[in-house]
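Before any comments, here is the structure.
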Amino acid sequence: MKWIKVSSYEEMSKVACSIFVKQLQHKSNSVLGFATGGSPVGFYKEIVKSYQAGEISFDHVRSFNLDEYIGIPSNSPASYYSYMVENFFQHVNISKENYHLPDGNAIDLKEECVRYDKSIEESGGIDLQLLGIGVNGHIAFNEPGTSFASLTNIVNLTESTRIENARYFENIADVPTQAITMGIQSIMNTKKIVLTAFGDKKVAAIDQLYSGKITEDYPASQLLMHPNLTVIYGSEG
Ligand code: GLP
């Protein structure tokens with residue numbers, strides 16, 4: 001496990017990007033795991049710059065995102081699909097068949113969860129996974145109390161997560177109440193994990209992780225059992 005303390009959001013984004021660049025230079029057909037939210041926006045900017053500078057290519061890359069809301073159209077600006085296209089996919093040479101997000105509009109959502117884990121498995125598994133962390137310690141949309149054995153599944157979002165994510169919607173009532181998310185076990189199955197957290201709001205979440213106590217009340221704590229975890233963190237204060 002590696003803890004890297006940074007002094008700015010920009011530095012966090014650059015350090016995370018450099019790990020992905022190294023991964024792609026070492027294995028051009030890597031399977032990458034992507035995250036959404038505020039934390040990775042700077043990371044995507046950096047990785048697009050590396051692509052534009054000719055340091056990396058996404059020609060042979062396949063990717064899987066952690067999660068997606070249930071019940072909003074994928075072309076809605078608030079969907080994670082739109083976020084990924086806007087912040088990343090449209091700027092690099094990754095082809096549409098090679099990037100994947102869970103389908104929050106699938107007719108059979110349970111079946112979609114099984115299909116998603118299966119397609120990750122068939123890809124050979126995720127080589128490198130990017131993660132953010134929620135203020136309550138959630139990873140992807142695995143809220144406190146989630147079983148560490150969970151695979152991709154349908155979850156009810158907590159009120160605090162809906163309030164946090166309301167900034168992407170016109171008002172809180174528009175924030176979906178459910179999502180499809182890779183489970184804790186699906187995340188633990190990835191070969192390498194980079195967790196990013198920056199800002200005063202995330203200090204308590206990182207302190208809790210650093211304390212080393214592993215409990216299902218704090219989903220991120222299971223990551224301490226992962227054989228290849230890097231935490232890139234910092235705050236203004
Ligand atoms: C959402 C996402 C998570 C993300 C978390 C933190 O709930 N599903 O994957 O890590 O928010 O987001 P932010 O980086 O905006 O604080």
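The values are calculated or read from the model by the stated rules, or taken from the named source; none is laboratory data. Please read all numbers here as calculations on a predicted model, not as lab measurements. Cβ placement follows ideal geometry from the backbone for every residue including glycine, while neighbour counts extend to all protein chains displayed. Side chains are part of the model used for accessible areas, which takes the heavy atoms of the whole protein and leaves out ligands, DNA and RNA. Shrake-Rupley method; radii C 1.70, N 1.55, O 1.52, S 1.80 Å.
Hey, what's the stretch 2-234 come to in accessible area per residue, 1.4 Å probe, Å²?
On a per-residue basis, the stretch 2-234 sits at 44 Å².
For the pair M1 and K45, how long in nm is the line joining their label points, each one 7 Å along Cα→Cβ?
3.1 nm
Suppose the chain between K22 and A173 were pulled fully straight at 0.36 nm per residue; how much longer would it get relative to their current alpha carbon spacing? Before the final figure, lay out each step's value.
Working: separation 151, 0.36 × 151 = 54.36 nm, distance 4.19 nm.
Residue separation times 0.36 nm, minus the Cα-Cα distance, leaves 50.2 nm.
Using only alpha carbon positions, build the gyration tensor of the chain, then give the equivalent ellipsoid semi-axes as the square roots of 5 times its eigenvalues, largest first, whole angstrom.
Computed over the chain, the values are 23, 22, 18 Å.
Find the eigenvalues of the gyration tensor of the Cα atoms of the stretch 140-237, then list the square roots of 5 times those eigenvalues as equivalent ellipsoid semi-axes, largest first, in whole angstrom. The partial results should precede the final answer.
Working: eigenvalues 104, 71, 27 Å².
Working from the Cα gyration tensor, I get semi-axes of 23, 19, 12 Å.
So how do M182, M188 rank on accessible area, 1.4 Å probe, biggest first, that is with the largest at the start?
Reading off the accessible areas and sorting them downward yields M188, M182.
Taking 0.36 nm per residue of separation and subtracting the Cα-Cα distance, what length does fully extending D200 through S57 add?
Stretched fully, the D200-S57 segment lengthens by 48.0 nm.
According to a simple spin-label model (label point 7 Å from Cα along Cα-to-Cβ), what is the distance in nm between F148 and N98?
Label-label distance for N98 and F148, simple model: 3.6 nm.
Cut-off 10 angstrom, C-alpha nodes, Gaussian network model of the chain. Which of E122, E164, E46 fluctuates the most?
Fluctuation is largest for E122.
If you average the sequence gap of Cα pairs under 8 Å that are 6 or more apart and divide by the length of the stretch 2-234, what percent do you get for the contact order?
Rounded, it is 25 percent for the stretch 2-234.
Using only helices, what value at 222 nm comes out for the chain when you add -39,500 (n - 2.57) per DSSP H run of length 4 or more and divide by the total residues, to the nearest 500 deg cm²/dmol? Provide the component values of the computation, followed by the final result.
On the way: 7 runs with 72 residues, N = 237.
The helix-only estimate for the chain comes to -9000 deg cm²/dmol at 222 nm.
Just to confirm a number: summing +1 for Lys and Arg and -1 for Asp and Glu over residues other than H226 whose beta-carbon lies under 10 angstrom from that of H226, what do you get?
With Lys, Arg at +1 and Asp, Glu at -1, the net is +2.
Over 10 Å intervals from 0, what percent of Cα-Cα pairs in the stretch 1-130 sits in each interval?
Taking all Cα pairs of the stretch 1-130, the binned fractions are 12, 42, 34, 11, 1 percent.
Counting only other residues whose beta carbon sits under 13 Å from that of I56, what net charge do I get with K and R as +1, D and E as -1?
Taking every other residue near I56 into account, the sum is 0.
Once R0 is set to 35 Å, what does the formula 1/(1 + (r/R0)^6) return for the Cβ-Cβ distance between D207 and S123, expressed as a FRET efficiency to the nearest 0.05?
Efficiency for this residue pair is about 0.50.
Taking the C-alpha atoms of the stretch 76-145, how large are the radius of gyration and the largest Cα-Cα span, Dmax, in Å?
Reported Rg and Dmax, both Å: 13.8, 39.
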